[in-house]
Structure formats: structure tokens, C-alpha cells
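Structure record follows, encoded as C-alpha cells.
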Amino acid sequence: MQKPSRLRRLFDVLAFRLIPLLLIVGILWTGYQVAQGLSQRVGEQNQAANRQPLYIATATALAQQQATPAVNLDHDKVVLAAYHPHDLAVQFETNTPSAPIATALPPTMPEPTMPEMTSRPLPTLYVYTAPEVESAGGTAVPTAVPWLDRHGDDLMNIVLLGNDGELTNDGFIRTDTMIVLSINRTAGTVSMLSLPRDLYVYIPGWTMQRLNLAYIHGEAVGWTDGGFGLLRQTLLYNFGLNVHYYAMVNLTDFKAIVDTVGGVDLAVDCAIEDLPLQQAEVPQGAYKADDDGHYVLPVGYYSMNGAEALWYARSRESSTDFDRGRRQQQVLRAVWRKAKETGILNNVIQLWNEGSQYMQTNMMLEDVLGLVPLALTIDPTRIEMFTFVRTYHTTPWQPPDGSFVQLPNYEPIRQTLEDFYTPPTANQLVIDTSSISVRNGTANANWDRVAADRLAWDGFNAVALGAVDDTTYPNTILIDHTGRSKGSSVGDIENALNIAPENVQLDPDPNRSYDYEVILGSNYTSCNVQGVLPVDPNPANAG
């Protein structure tokens, strides 16, 4: 971790003294990157041709050997034809990326440093037919679900994986973190979906098992495209979700990425209690809760380094795997925000060269070049977040092996996935044009920033304005300065911050600075996450 940091500092110092020389080096480096990419492309094509017999001998063994009529599922085209052991004929014609989105950079944002290069077409997906068995793992094998409708939009889906290989050290990698990042290059929007590790699904060619075992099984059996290839098939079969790329990190890599951007700022609205975790550090601001070694991180606003962010992202003793997915998305969004603020995104080649050492991926530089304008201009608070809810999206169940898993509930999951694929309208991106001021009426530091962040998560235009003169407010109050009855945001603000209706005040003001005013009291809590256990906060230690 120290070496990349010193190189960056040296680069910053020399850049201002040797600008003419750096321009020449940059031009030469760009040409080198283009040539390198083309060379790698040719090598990969030759390698793929040489490995074709191996592909047929592994994953294609599941293919049925009878003719199947062609099927067209809207924009996603599936070509199903007669299969023969020596003829790989089932393929998915993926959408070819359109030109990069023409989004103007802010006047103060320098142009990104990147070569002129066109993104590759998205990878072709080979589709495998339904299993021959009707039951496995103690339950019926579900039928393959219909593919999600892209509505003609150009989507690039990337599954972000985090593995626990450093903890087990036995070569058996479980992908306990699985987040699908869907980039809509037509609408210029981004959505994230967390998949719980204990989802009990059908893994093609194997059995019913936890979703976090699909990757390692694909690696073990030599599946086409390895672990990602089998995980891709598993997501398609069980959820109708086609992912094109993957990026995987271990615990050390996760910490390095957070430290590379200079740490992250996180608003913690649900207190967390847990023991110290391997490879992680208990965040500063947490206090020791008992003699057993438990620490509590109270509600507050924290600056965390990589090891502290890892503790926050991995902890689940006082919560659930479902809530952990929400916190992991929060960290990713914070990394994105910090990378924008520090200008790291402006030099995509340097970012790629430094970042690629921390992850395993099937993406290439040319795959991300077209995403740079969107990455530079999108507001991280406007990234849509999706998570599953236990007992609604899933049903807890115990298979014959005695483990505890979650059976997917098709209808609720399908609706969430369709929302995940649907670009938000302007009304969804920002609930309305109303402005909200948030002030802290307690002695708990930075609670106004936590509440403002919570409102922003729901799409509100909220601003934290610090503390009021009186810090002894017992109850959180909401003051409505609009006087509107139709189109009012009062109900949504109440729900987001758990404000009691009797604490809503009407004070119409045509000369108002903000449409709504929130003053936080000591009873403030915006933790609405299902399954999170109550943790007694210690206001004196709140960050």
C-alpha cells in the first residue's frame, strides 16, 4: 500500500515542473496502451480458438441434443438451435454498446486523460438448457425464470465480488459479497443490487446450493470462463439477470482501494455492535461495550480508512446479511464520491493501472473508457440502491444438511429486479424540487449530517446546517414552510426520519430560505432497516 501512495505523491510534484515532457510521454504512453490492447485482443482470440474443444467438454455437456425453436425475448435475443457435441450453437446476442453518453463536464472539472478508443462489444453469453433432475438439495429445482426486459436500453452489468479466501486460507473461495452494478448507457443512470450470500438457488450442472458457492464450483470443475462463467449462468437461470463482467477483491484489496482514495466519509444511521474482526480495525469513535470485547459504533458521521471501512462493511453480529449488503453499497458509493472529489477519475489510465493490481477481472481498459463521462458527472447520491428484505423477498429454510438458507420468493424478487432495470425518471431521481434544512438540536456531534445523508439516500435535496443554539430538544420536529396540501413531501420526510405526526408544524413563509426545516431531537432515529438489533448508543462517544 505504501508504494503506490509514494508514486502518486512523486507524480504530483513532478507534474508541475515537467509539463512539456509529460505531454510527450503521455502521447507515447497512449499509443503504447492502444497497441498493447490490440495485441492482447489478438492473443485472447487465439487462446479462445485453442480452448474451444475444452469448452465443449465442460459446460457444454449440459446441452440437449435435439432441435429447439428460436426464441426472441424482446431486445435480448436468444438463438437456440440443434446442439451437437462438436457444435456450440446456443448463444446470446448481447447489445453492442452505443457511443459514450454526451454529458458535459462541469466547468471546473478538467478533461479526463484517456486515449481515443471504442469499447468492445459486450461478451457473448452461451445459454445452457434446463436440468434433468426435478429435485436436489432437499427441495424442488425451480424452472428457469424469464429474462429481464431491458426495454431496448443499452445496459452493461458488472457483478462486484468480495471473497473470504484470506480468512480460510484453504483455497476454497466463497463470494460472500455480491453486488450487481447496472450501468444504463442509454439513460445515463446507475443502479446497484446486493445479493445475499445465503440465497438457495439452482447452480447449473450441480445442485441446489448457496449462491456464494457458484464461483468456486465453476473454478473447480473448469467451467467455461471459470467461476464467473458459472456464476453468470446461475444468475441468469434463477433471476433472469445477465451480467457481462466481474471484478473480485479480497479483504486486503478492499482496504487498499479505500486507502487509495484517501479513506471515506460514512454516515452511520444504524448503530452497530460487534467484536474486532480479522483483517479489520474497529473504527475510531466506537466504544467498548462489555468485558467480552464487543464494540459499539454509535449513530454518527465518521471518516474511515480501509481497515475501518472493512469492519463496517463486514460486521453483522447486531444486524443481518441483508443489512450488510446495504452498508457495502454505502461504502462503494462513498469511494466513488471521494474519487470524484480528489480528481482521481480524471486520469483513467493511471487509475486503471493502479486499481487493476487490487482486483481480478475480465474487463479491459477499453471497456471502461466509455463510462468515464458518466462516472465524472453522475451524483453518487443519485445512484439507485436495491437490497432484498428477509421474509419478503426470501423465505428462511433449513435443508437436510442442517444449514440455514434463504429460498427466493419469485414474485417480489421479480418486481424488484424490474425496478432495478428501469431507469429512474426525473421525479424518482429527486422526489421534488423542495429543499430541506437539517439542524442538530442535540449534543450528539454531526447528527445533522447523518440525517441529511439519510434524506439524500431517498432522493431529497437536504442540507446539513449544524447545531441550533438550544441542544436540549427532546423530540425531532419538522416545520413545513410551504403550506401545501397537494404535492407535499411531509409524509415522505416523516417516514425517512421517523418523525411523529404530532411533531410536524405548519408555518407558511413566502420568503423562506428552505421549504422544510428539520430540527433533530434526542429521540432521533432513521434506522428503518429490518433485522437490525437495537444497540444502546453512547452519545458522549458519537462521531
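The values are calculated or read from the model by the stated rules, or taken from the named source; none is laboratory data. Computed from a predicted structure; not experimentally measured. Neighbour counts are summed over all protein chains in view; Cβ atoms, including those assigned to glycine, are modelled from backbone coordinates with ideal geometry. All accessible areas refer to the heavy atoms of the entire protein, side chains included, with ligands and DNA or RNA removed. Shrake-Rupley method; radii C 1.70, N 1.55, O 1.52, S 1.80 Å.
Go through (1) open to solvent by less than 40 Å² (accessible area, probe 1.4 Å); (2) at pLDDT 95 or above; (3) out of contact with any strand residue (DSSP E or B) (no Cβ under 9 Å at 6 or more places or on another chain) and name the single condition GLY491 misses.
(2)
Return the pairs, sorted by first residue and then second, in which the second residue is surrounded by fewer than 21 Cβ atoms within 10 Å (Cβ to Cβ) and among the basic types (Lys, Arg), the first residue lies in the stretch 240-264 and is more than 17 Å from ALA309 (Cβ to Cβ), the beta carbons are less than 9 Å apart, and the residues are 6+ apart or on different chains.
GLY240/ARG414; ASN242/ARG150
Here's the yes/no breakdown for (1) β-branched (Val, Ile, Thr); (2) surrounded by 18 or more Cβ atoms within 10 Å (Cβ to Cβ):
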residue: TYR126; (1), (2): no, yes
residue: GLU134; (1), (2): no, no
residue: VAL145; (1), (2): yes, no
residue: ASN157; (1), (2): no, yes
residue: ASP164; (1), (2): no, yes
residue: LEU167; (1), (2): no, no
residue: MET178; (1), (2): no, yes
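If you take the residues in the stretch 260-272 that are modelled with pLDDT under 95 and open to solvent by 10 Å² or more (accessible area, probe 1.4 Å), which one is nearest to VAL335 (Cα to Cα)?
My answer is VAL261.
Give the residue that is farthest from VAL145 (Cα to Cα), with candidates limited to residues of the stretch 382-414 that are open to solvent by less than 90 Å² (accessible area, probe 1.4 Å), in a loop (DSSP other than H, G, I, E, B) and touching a helix residue (DSSP H, G or I) at 6+ places or on another chain (Cβ under 9 Å).
Ranking the candidates gives ILE383 first.
Considering only the stretch 309-333, how many residues are among the charged types (D, E, K, R) and open to solvent by less than 10 Å² (accessible area, probe 1.4 Å)?
The first filter runs over the stretch 309-333 and keeps only residues among the charged types (D, E, K, R), leaving 314, 316-317, 321, 323-324, 326-327, 333.
Filter once more, keeping what is open to solvent by less than 10 Å² (accessible area, probe 1.4 Å): 323, 327, 333.
Going through the stretch 309-333 one residue at a time, the tally reaches 3.
Taking GLN279, is it among the polar types (S, T, N, Q) and under 19 Å from the mean Cα position of the chain (by Cα)?
no
For residues that are part of a loop (DSSP other than H, G, I, E, B) and over 13 Å from ILE519 (Cα atoms), scanning just the stretch 445-479, find the one that is farthest from the chain's Cα centre (by Cα).
For the stretch 445-479, the residue satisfying everything is ALA445.
Does THR433 satisfy the criteria of being assigned to a loop (DSSP other than H, G, I, E, B), open to solvent by 50 Å² or more (accessible area, probe 1.4 Å), among the polar types (S, T, N, Q) and closer than 21 Å to VAL268 by Cβ? Give the derivation first.
Details: assigned to a loop (DSSP other than H, G, I, E, B): yes; open to solvent by 50 Å² or more (accessible area, probe 1.4 Å): yes; among the polar types (S, T, N, Q): yes; closer than 21 Å to VAL268 by Cβ: no.
Taking the combined requirement at face value, the residue does not satisfy it.
Quickly run through the stretch 347-376 and pick out the residues that are farther than 21 Å from LEU251 by Cβ and in contact with a Lys or Arg (Cβ under 9 Å, 6 or more places away or on another chain).
Listed by number, the residues that qualify are GLN350, MET364, GLU366, ASP367, GLY370, LEU371, LEU374, ALA375, LEU376.
Identify, from the list VAL504, VAL532, the residue that is under 30 Å from GLY325 (Cβ atoms) and either out of contact with any strand residue (DSSP E or B) (no Cβ under 6 Å at 6 or more places or on another chain) or touching a residue at least 12 places away in the same chain (Cβ under 8 Å) (or both).
Exactly one residue qualifies, and that residue is VAL532.
Give LEU417, LEU376, LEU371 a once-over and let me know the one that is at pLDDT 80 or above, more than 21 Å from TRP457 (Cβ to Cβ) and open to solvent by less than 40 Å² (accessible area, probe 1.4 Å).
Numbers: LEU417 fails: more than 21 Å from TRP457 (Cβ to Cβ); LEU376 fails: at pLDDT 80 or above.
On inspection, the qualifying residue turns out to be LEU371.
Would it be correct to say that PRO196 is in contact (Cβ under 8 Å) with a residue 60 or more places away in the chain, in contact with a Phe, Trp or Tyr (Cβ under 8 Å, 6 or more places away or on another chain) and more than 24 Å from MET359 (Cβ to Cβ)?
No, not satisfied.
Within the stretch 448-467, can you find the residues that are modelled with pLDDT of 95 or more and open to solvent by less than 20 Å² (accessible area, probe 1.4 Å)?
Those that are modelled with pLDDT of 95 or more and open to solvent by less than 20 Å² (accessible area, probe 1.4 Å): ASP448, VAL450, ALA451, ALA452.
Considering every residue within the stretch 498-516, establish whether at least one is part of a loop (DSSP other than H, G, I, E, B), closer than 29 Å to VAL296 by Cα and open to solvent by less than 60 Å² (accessible area, probe 1.4 Å).
Yes.
Return the total of residues in the stretch 143-159 being farther than 23 Å from ASN409 by Cα and in a strand (DSSP E or B).
First pass over the stretch 143-159, keeping only residues farther than 23 Å from ASN409 by Cα: 151-156, 158.
Subset that is in a strand (DSSP E or B): 155-156, 158.
Within the stretch 143-159, residues that are farther than 23 Å from ASN409 by Cα and in a strand (DSSP E or B) number 3.
Within the stretch 123-176, can you find the residues that are more than 25 Å from GLY325 (Cβ to Cβ) and hydroxyl-bearing (Ser, Thr, Tyr)?
Result: THR124, TYR126, TYR128, THR129, SER135, THR143.
Select, from GLN328, GLN350, the only residue that is farther than 23 Å from ILE383 by Cβ, touching a helix residue (DSSP H, G or I) at 6+ places or on another chain (Cβ under 9 Å) and among the polar types (S, T, N, Q).
The unique qualifying residue is GLN350.
Could you name every one of the strands (runs of 3 or more DSSP E) located completely within the stretch 238-351 that has at least 2 residues being more than 26 Å from VAL159 (Cβ to Cβ) and among the small types (Gly, Ala, Ser)?
Values: elements: 245-249, 264-268, 272-274, 295-297, 300-304.
Answer list for the stretch 238-351: 300-304.
Look at THR482 and say whether it is at pLDDT below 95, farther than 25 Å from CYS270 by Cα, within 35 Å of the chain's Cα centre (by Cα) and not basic (Lys, Arg).
no
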